[in-house]
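Comments concern the structure below.
The values are calculated or read from the model by the stated rules, or taken from the named source; none is laboratory data. What you are looking at is a predicted structure, and each value in this text was computed from that prediction instead of being measured. Note: ideal-geometry Cβ built from the backbone for every residue, glycine included; neighbour counts use all protein chains shown.
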Amino acid sequence: MRAHAVGLRDIHFQYKPITAAFDYEARLTSEGLVLVADIGGGTSDFSLVRVGPKRARHLDRKGDVLAHHAYT
């Protein structure tokens, strides 16, 4: 893997709807719950995520991702 070649060791991948929820979160001033859909090219992915400025400060966000499902 090329990431290892440049020295990265701890590599994680994220579903696009979860990444989109965290990007949206950067503009929030209060806590909330978002449902994000990525519909396209053969699959549709949905994620339900807790978001907010207090949550954004935490590195471990596993508890904030309430659901994720991909339909093919």
Out of everything in segment 14-72 that is more than 12 Å from the chain's Cα centre (by Cα) and of a type in the set (Ser, Thr, Tyr), what residue ends up being modelled with the lowest pLDDT?
Thr72
If we keep only residues of segment 34-65 that are in contact (Cβ under 8 Å) with a residue 24 or more places away in the chain and aliphatic (A, V, I, L, M), then the residue farthest from Phe22 (Cα to Cα) is Val65
Take the residues in segment 5-62 that are part of a helix (DSSP H, G or I), in contact with an Asp or Glu (Cβ under 8 Å, 6 or more places away or on another chain) and among the basic types (Lys, Arg); name whichever of them is surrounded by the fewest Cβ atoms within 10 Å (Cβ to Cβ).
Lys54
Enumerate the pairs (first residue in segment 12-33 and of a type in the set (S, T, N, Q); second residue anywhere and loosely packed, with under 14 Cβ neighbours inside 10 Å) with beta-carbon separation below 7 Å, excluding pairs fewer than 6 apart on the same chain, so at least 6 apart or on different chains.
Thr29/Pro53
